[in-house]
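One structure is given below, encoded as structure tokens.
Bear in mind these aren't lab numbers, they're just calculated from the coordinates by the rules spelled out. From a predicted model like this one, the values you see are computed outputs, not experimental measurements. Every residue, glycine as well, gets a Cβ built from its backbone with ideal geometry; the counts of neighbours run over all protein chains shown.
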Amino acid sequence: MSTDVFVIDEAVNWQDLGAGVRRKILGHNDAMMMVRVEFETGAIGPQHRHPHVQCAVVEKGSFDVTIEGVTRRLGTGDGYMVPSNALHGVVALEPGVLLDIFTPPREDFLA
């Protein structure tokens with residue numbers, strides 16, 4: 001399953017994840033997935049692991065990002081890369097948005 005090669009942001013619905021976090025899947029194919037995640041101030045992306053390689057860019061706001069026990073404060077335009085199975089999570093220090101890319105796609109997000 002895959003999506004169109006062009007994505008119109010307003011045509012994609014948000015999925016409310018609760019606790020001040022929501023996401024929209026902007027596109028995916030057999031190799032990768034692009035997801036926008038919006039956080040309210042203080043919202044947490046809990047520490048977790050997955051086999052997917054993930055990279056992200058801070059589109060807006062600032063976050064404390066922790067990867068394998070190392071925390072960095074990142075702001076608009078900054079990014080990070082998460083190796084497969086690395087423990088990672090984020091805390092939004094203000095309203096913010098992350099653009100996540102996963103390879104392979106997160107099938108659990110599509111269920």
In the stretch 1-60, anything farther than 23 Å from P83 by Cβ, acidic (D, E) and assigned to a strand (DSSP E or B) is listed as D16, E38
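Filter the stretch 50-68 for residues that are touching a residue at least 24 places away in the same chain (Cβ under 8 Å) and surrounded by fewer than 13 Cβ atoms within 10 Å (Cβ to Cβ) and give the result. Spell out how you get there, then give the answer.
Of all residues in the stretch 50-68, those touching a residue at least 24 places away in the same chain (Cβ under 8 Å) come to 50-66.
Across the stretch 50-68, the qualifying residue is only P51.
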Residue in the stretch 69-84 that is in contact with a Gly (Cβ under 9 Å, 6 or more places away or on another chain), among the hydrophobic types (A, V, I, L, M, F, W, C) and surrounded by fewer than 17 Cβ atoms within 10 Å (Cβ to Cβ) present:
no
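Can you tell me which residues in the stretch 3-22 are out of contact with any Asp or Glu (no Cβ under 6 Å at 6 or more places or on another chain) and closer than 15 Å to P95 by Cβ? Steps first, please.
Residues of the stretch 3-22 that are out of contact with any Asp or Glu (no Cβ under 6 Å at 6 or more places or on another chain), as a first pass: 3-19, 21.
W14, A19, V21, listed by residue number.
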E94 - would you say it is surrounded by fewer than 16 Cβ atoms within 10 Å (Cβ to Cβ) and not in a loop (DSSP other than H, G, I, E, B)?
no
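Can you tell me which residue among L98, L26, L93 is on the phi < 0 side of the Ramachandran plot, hydrophobic (A, V, I, L, M, F, W, C) and touching a helix residue (DSSP H, G or I) at 6+ places or on another chain (Cβ under 8 Å)?
L26
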Being touching a Leu at 6+ places or on another chain (Cβ under 6 Å) and of a type in the set (V, I, T) is true for just one of V97, V57, V53. Which residue is that?
V57
Given (1) assigned to a strand (DSSP E or B); (2) surrounded by 14 or more Cβ atoms within 10 Å (Cβ to Cβ), P105 misses just (1)
Report every pair of residues separated by at least 6 positions or lying on different chains whose Cβ atoms are under 9 Å apart, first residue within the stretch 86-111 and in contact (Cβ under 8 Å) with a residue 60 or more places away in the chain and among the small types (G, A, S), second buried (at least 16 other Cβ atoms within 10 Å of the Cβ) and not in a strand (DSSP E or B).
A92/A43; A92/G61
